[in-house]
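A short worksheet on the structure shown next.
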């Protein structure tokens, strides 16, 4: 193993044995579970799947925790001569993502037990679903571990395919199927880019191992290859304009799947970008500026769209795009820090990004789970048909509220901690002397603040419309609070979120450790310069606590003063109008209408209605429809695909449905191969 | 600590001064300066009426809104004396805590299920969203100019410049005061004395609040004015000794309050549909400050 000798923490023999043992255990557990899932009664399927995911999560987390403490765990599979050695390595970065994947998958699978209860009579569907879920979880973990380009692509593909099949759980609905196919196609565009990048490196260096990137980036220009990987991984992560699969796939999938997809699968795109960054050798500054610019635009675009949509799962999907933008801002800052040689910026940028990866996986899965709880009860995703659910589903409402505040970056929750780090990074970046960088950073500062502002608007709208007021339309079934197995995973996530919010020191130290070994010892000595900053950031929990104390004191004073005073319940003041009804409440649509109007150039609104005719004195009942389109999808992507389909029409004669011609194609092909070989055109 | 006391004193008089100036300029005698305080005390003594539609959100929201304003009051410094809390990046904390308070006041308006209150909530969310970048770019420019990131250090370092920095301070005053107007829903953005619910922003959101809760909301409004006033004062006083700076504090607060009163007496509210654009213009003023900062630092070649 010549190229491992340079690493600091070469594993001893028994360490490798231990890792091999754990991985084998996880494989065999998975195989046993898959067989068991096929033959078990429907009742136990979900429990078997859940225990398998938990077992796999524990087995892989055991190794990841070791890696977070700085010992790189690695294992080398000796494969055949073409594949070469396949290194399976868990370093700090992999470990961080593996732990996030494991946590979200475990909460997802437990939540799924309750969520899929209504489907207990469709046994085959459930076996298929749970087998896929187990495979999906394992493939995500393996994506983080494999450091061999081919093996990585295989794991990546297994992940994409299994998640695609999970998305189309409701495959009898054409919309769901359409979303699944859209996802499938876009994921393969992503794979194409990745493959091109990997093959490029292979031809330059002759090795399939990830370590070959070091050699490549040492010898060649860094920009183009990085951009190819940024596009490839960016499609998975959802940077604009490559995001258009997200708003289709997430609403279509069952909620525990969308929670896991939005929580972690998009983060594996971020993982890939981080992985490539760890090999970069030059051109940090320009790449940082590119990433930063794209990220700000992604953030603003994502949240603007989230603000106007009425389908609450679609809204959450757009909000994921926004958060990917925020993470990207951190990555851009970190790259700029590397370019400027600023240690503090390096830690703030990458540290903020990594912490936000964790935070977003927490509150986004929480939001998807609580939104899924609402969907399970009311069977609609249109928030404008709902209202007043806080009375029937108080626990779900509070969980959603916590998620909404955290995702808006409001203190005292965890989102604020990572956003605070990023803001500090932006301000720290202002210390450079380059005017173009300063301008970019100040614009980013404004952009990040406007993202925060719109997310307050988005989530007050969503929470207010779904849970507050009174119901806008009578529902077929009276909604009720969901089962415990759906609530407990959410409590677990909230506990985790609070731990990030109030013990940021622990998480920050872990990340700093990770970042010390992230890029090869360029900055390793420098983390001491960051100590003052870390101190300041970790104190933020004290201020949050103080705020909570102030709220508590005010509440007690209020309780004391109000005690014994009269307290009446009356109808809402209708501003002297005496016959209000529930349909007259402000809807989500009207709440964000003015925003939609101002940003009309980006938020494409399509209305369908018929005007009153000139002589129409007594108008009939009529319909008015309005919905928003995704700007990039509507204006560019469908334009391109439309033309592609048009061009493809000319080749329709090939697929004519006649078996005779298909046989004929085969014969032509074989004869062609034969003659070409005989004539030695082909060798 | 000093800033806290001064803000509290200013908050007692600020709204009273506005009302007094308004009544004097319309030829009336007007209520006493302390009338707003008496109003609040009276509200504190009253019982409450809750809407049947509301949930617990409606009851906790005013407390959280009030606490958020108290919390941000703690980070505002006064010249050379720090606020009760002072740390790097405290202005981010300032903005986000205020946003938290706003979050709750918006959802509490939605909680009543009234179409009017929903409308006010939507406007409040939209306007404060547009005000955000102006504030952040202003603060970012000050951070760039001074090389510090906490309120106290930024303001303390600010006066050691040329005259341009005072020009910037005046632009900064404009931005901060406008942000204060938006936060408090005062004249160019919103008319607190309008009697049509359709044209209200903030007033319509609190239609259903009563008693102690309404008192808290009003008090928070008074405090917010004084807090923004204190920020404006900080732009000018720098490291002046206390026997200049404390009188200056009250003079500037008084000028601001009477300015607000005069604007409200002689100006009409902007058209609701143009408000958003107007608020966005603030961001460009902030950008102007940013360019000024670059100019002072000699970054333009």
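Values quoted throughout were computed directly from the atomic coordinates according to the rules given, and no laboratory measurement underlies them. Keep in mind it's a predicted model, so treat the numbers as computed, not measured. Please note: Cβ atoms are built from the backbone with ideal geometry, for glycine as well, and neighbour counts cover all protein chains shown.
Worth a mention:
- D (Stokes-Einstein, µm²/s), Kirkwood Cα radius, the protein assembly as shown, 1.306 mPa s at 10 °C: 53
- Prolate/oblate/rounded call for segment A:283-561, Cα gyration tensor, a/c under 1.5 rounded: prolate
- Between residue A:668 and residue A:79, the FRET efficiency estimated from the beta carbon spacing at R0 = 56 angstrom works out to 0.90.
- Overall, the ratio between the Cα radius of gyration of segment B:86-163 and 2.2 N^0.38 Å, rounded to two decimals, is 1.46.
- Here the scattering of segment A:149-192 is modelled by Debye summation over its C-alpha atoms, one equal scatterer each and no solvent; at q = 0.19, 0.33 Å⁻¹ the log10 of I(q)/I(0) is -0.56, -1.11.
- When the helices of chain B are scored as -39500 (n - 2.57) per DSSP H run of n ≥ 4 and the total is divided over every residue, the value at 222 nm lands at -25500 deg cm²/dmol.
- Put simply, the convex hull of the Cα atoms in chain B casts, on average, a shadow of 15.6 nm².
- 222 nm mean residue ellipticity, helices alone, for chain A (DSSP H n ≥ 4; -39,500 (n - 2.57); rounded to 500): -23000 deg cm²/dmol
- Size of segment A:625-665: Rg and Dmax of its alpha carbons, in Å, are 16.9, 51.
- Packing-based order for A:254-265, A:640-651, A:503-514, using average beta carbon neighbours within 10 Å, highest first: A:254-265, A:503-514, A:640-651
- Exposure proxy order (Cβ contacts within 10 Å, fewest to most) of B:208, B:39: B:39, B:208
- From least to most packed, judged by other beta carbons within 10 angstrom and beginning with the fewest, A:215, B:112 follow the order A:215, B:112.
- Taken residue by residue and averaged, Cβ atoms of other chains lying within 10 Å of the Cβ of A:549-560 number 5.
- Shape category assigned to segment B:3-103 from the gyration tensor of Cα positions, a/c cut at 1.5: oblate
- Descending by average beta-carbon neighbour count within 10 Å, the peptides B:197-203, B:214-220, A:602-608 line up as B:214-220, B:197-203, A:602-608, the highest first.
- Neighbouring partner chain Cβ atoms per residue of A:536-546, average, 10 Å criterion: 3
- Number of partner chain Cβ atoms within 10 Å, mean per residue of A:579-585: 3
- Relative contact order for chain A, counting Cα pairs under 8 Å that sit 6 or more residues apart, in percent: 12
- Shape category assigned to segment A:53-153 from the gyration tensor of Cα positions, a/c cut at 1.5: oblate
- Protection-proxy order for peptides A:429-438, A:48-57, each taking the mean of Cβ atoms within 10 Å per residue, highest first: A:48-57, A:429-438
- For A:153, B:231, A:335, order by how many other beta-carbon atoms lie within 10 Å, fewest first: A:153, B:231, A:335
- Value of relative contact order over chain B, rounded to a whole percent, pairs C-alpha under 8 Å and six or more apart: 31
- Taking every alpha-carbon pair under 8 Å whose residues sit at least 6 apart, segment A:74-172 reaches a relative contact order of 31 percent.
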